[in-house]
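Each reported figure results from applying straightforward, stated rules to the coordinates on display, with no laboratory input. These numbers come from a predicted model, not from an experiment. So basically every Cβ, Gly included, is an ideal-geometry build from the backbone, and we count neighbours across all protein chains shown.
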Amino acid sequence: MRRVAPSVIAREQLARLLDGGVDHEQNIVSALVETVTRLVVQELIEGEQGDFLGGRGRYQRRDGDQIGSRNGYERGRLRTAEGFVDVAVPQVRGAGEPFHSSLMSFLDGNSEVLDSLVNEMYARGLSTRDVEDAFRDATGELLISRSKVSEITDRLWEDYQAFIARDLSQLEAEYLFVDAVFESLRRHGAKEALLVAWCIDSEGRKHLLHLAVGNKESEACWTEFFRGMLGRGLRMPTTITSDGAPGLVKAISVCFPASIRIRCWFHRLANIRAKLPDGAAAEVLAHLYAVRDAPTLDAARAAADRLINTYRRDYPSAVACFEDDLDALLAIHRVPVRHRIRVRTTNLAERSFVEERRRTKVIGRFGDEHAAMKLVFATMIRAAQRWCRVSISDLERHQLRLLRAELGIDPPPASTTTKNNRRKRVAA
């Protein structure tokens, strides 16, 4: 009997397969996947055994205080998408504690590792053909077919369906943000709006809330989008940040009448800058920043009046652009000071859109809505998982509770109600 490591035998089996040593009745793809899986797992768990024994190789004598020695193998089985795969689990004796492979513990019950790998490759911008080509062996044979790739990536569609149907009632959305990105769908031949919503909750965590095809940024599309979230339990947010698309603004007023609507400063600054000559842009923008960064709402209104009175005659188009929807621009000054930088733009989605476009540009046009939403959702949800948390103090939470009570969204905090009752009793 040959005294070699099981990984050596697995590597020899793989070599025979690649040389054509497989029965005609046997599925070459299944055989390759099984053998490669066995080889990789075998090499890794043998490496774990070596680390457990202090890095000693096979037949290497113990040195100094080293204890433990190799003690053969026991049969192990892994459940994979291609069926069970047998592996030889190395054993150790005389070590004072038993040897357990953490890799085997992980893989036992995590049988979709290959599927997850395919999904990650697809979500990171590789087309179905790219993923297929990545699973070729040295001879050019496919390890996984295009139909299998499509079958695996269809699970992204299932994930998306679960995402847009999940319950939102337990999420205390404080600041809501909405925006749209346009993608080309081959079936329709034109770009269509993909509507996106995300929020910051009362604990400072950021959440991707909803993603849906809107066809266009009309009031009807946005209203349906918002009502879908409200129907799943989304509470009335304190503020909503958006651009100035007319349909979107109307839908916000219909679906969130009590919430504060904030006009995105990033978009508005770009609009105003486009109406200014290069020589005057820096000066006017400095006044705009003074409005945006004012310490209070009254100070912001005073700075806005100065800007309007100073530049109305010289730059009427830029000033008219600034005055349009001015109250929504100044609304950032109604939230706690530290949060204003967070709520004044929709840049969080813009950065995600940049990442999404980087992934989708290799495709050109999607075949249909199904294909578009699989990839856009996969990209956006992975970007959302990397979003950093916002710091919200207890004082700021109290300020937000008072603001929500002022807006009529929530009842006044208990402490405020108690103080008011005391004042009434004293006055009586």
15 Å beta-carbon shell around ALA300, net charge (K/R +1, D/E -1): +2
Other-chain or far-sequence residues with amide H under 5 Å of PHE182's (modelled H): LEU194
Sequence-distant residues sharing a close amide H with ASN71 (under 5 Å, placed H): GLN91, VAL92, ARG93
LEU230 versus HIS207: modelled label distance in nm, points set 7 Å from Cα along the beta carbon direction: 1.8 nm
Distance in nm between pseudo-label sites at ASP159 and GLU406 (7 Å out along the Cβ direction from Cα): 4.2 nm
DSSP-defined antiparallel bridges as percent of all bridges, the range 185-287, nearest 5: 65 percent
Which of ALA320, VAL291, LEU248, positive extreme of dipole for the range 198-338 (C-beta unit charges): LEU248
Long-range amide H partners of ARG344 with built H, under 5 Å: none
Within the range 250-313: Cβ-based charge dipole about Cα centre, in debye rounded to nearest 20 (Lys, Arg +1; Asp, Glu -1): 300 debye
ASP325 paired with LYS191, simple spin-label distance in nm, labels 7 Å along Cα-to-beta-carbon: 1.8 nm
